[in-house]
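Please read the structure below before turning to the comments.
The values are calculated or read from the model by the stated rules, or taken from the named source; none is laboratory data. Predicted model only: the values in this text are computed from it and were never measured. Note that each Cβ is placed from the backbone with ideal geometry, even for glycine, and that neighbours are counted across all protein chains shown.
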Amino acid sequence: AAIRTIQLFRSASAVSFLLTLLVSFLLFDTIFSFKMPFYSNAVLVFLVSIFLFLHGIWAVNLSGKVSAREIYYSLLLSFSVGMIAFVLSFWPATIALTSLFLTAIFYVLLGIVQAHLSDRLFEKTIREYLLVGSAVLIVLLFYTNWG
């Protein structure tokens, strides 16, 4: 798979990416449904995200060991998602909408990093990921109960 692109490897990567997003949505939904304090939400989302990001980043090259670069990316991206969860703890949105927004952020960040690590990061790719993130942000703003 490293020398030439094998169709099965590409299909498995897409399925792995999709399942990672599904698991992240379910875990974020579970964390926010406990209605814990804001700092607990941020810490738990951070901890859950570390493992999900690490899996998603490691699966790009499938090396024998996890490199320091992969750990660094995982920690950085998890910290970002944890801080967004911190802010969303104060947001008057439903649990499902909050989880959906966090999953969309997760999708954007992981997708961009995977494209970067596989040397397929182009301006069009970034634009497409940011378009999805912006659309979900607009949905979050529109469906939030501000009253």
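So here's what we get for this one:
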| item | result |
| --- | --- |
| Segment 56-76: number of residues that are part of a helix (DSSP H, G or I) and either among the small types (Gly, Ala, Ser) or in contact (Cβ under 8 Å) with a residue 24 or more places away in the chain (or both) | 9 |
| Among (1) without any contact (Cβ under 8 Å) to a residue 40 or more places away in the chain; (2) of a type outside the set (Asp, Glu); (3) surrounded by 12 or more Cβ atoms within 10 Å (Cβ to Cβ), the one test that SER24 misses | (1) |
| Complete set of residues in segment 104-124 that are without any contact (Cβ under 8 Å) to a residue 40 or more places away in the chain, of a type outside the set (A, V, I, L, M) and surrounded by 15 or more Cβ atoms within 10 Å (Cβ to Cβ) | HIS116 |
| Test: PHE79 is touching a residue at least 24 places away in the same chain (Cβ under 8 Å) and under 12 Å from the mean Cα position of the chain (by Cα) | yes |
| Single unsatisfied condition, MET36 versus (1) assigned to a helix (DSSP H, G or I); (2) surrounded by fewer than 18 Cβ atoms within 10 Å (Cβ to Cβ); (3) at pLDDT 95 or above; (4) not β-branched (Val, Ile, Thr) | (1) |
| Residue that is nearest to the chain's Cα centre (by Cα), among those in segment 107-122 that are hydrophobic (A, V, I, L, M, F, W, C), more than 11 Å from GLY56 (Cβ to Cβ) and part of a helix (DSSP H, G or I) | VAL108 |
| Residues of segment 75-103 satisfying the condition of being among the aliphatic types (A, V, I, L, M) and buried (at least 22 other Cβ atoms within 10 Å of the Cβ) | LEU77, VAL81, ALA85, LEU88, LEU102 |
| Leading residue by the ranking (farthest from ALA104 (Cα to Cα)) among those in segment 125-147 that are among the polar types (S, T, N, Q) and in contact (Cβ under 8 Å) with a residue 24 or more places away in the chain | ASN145 |
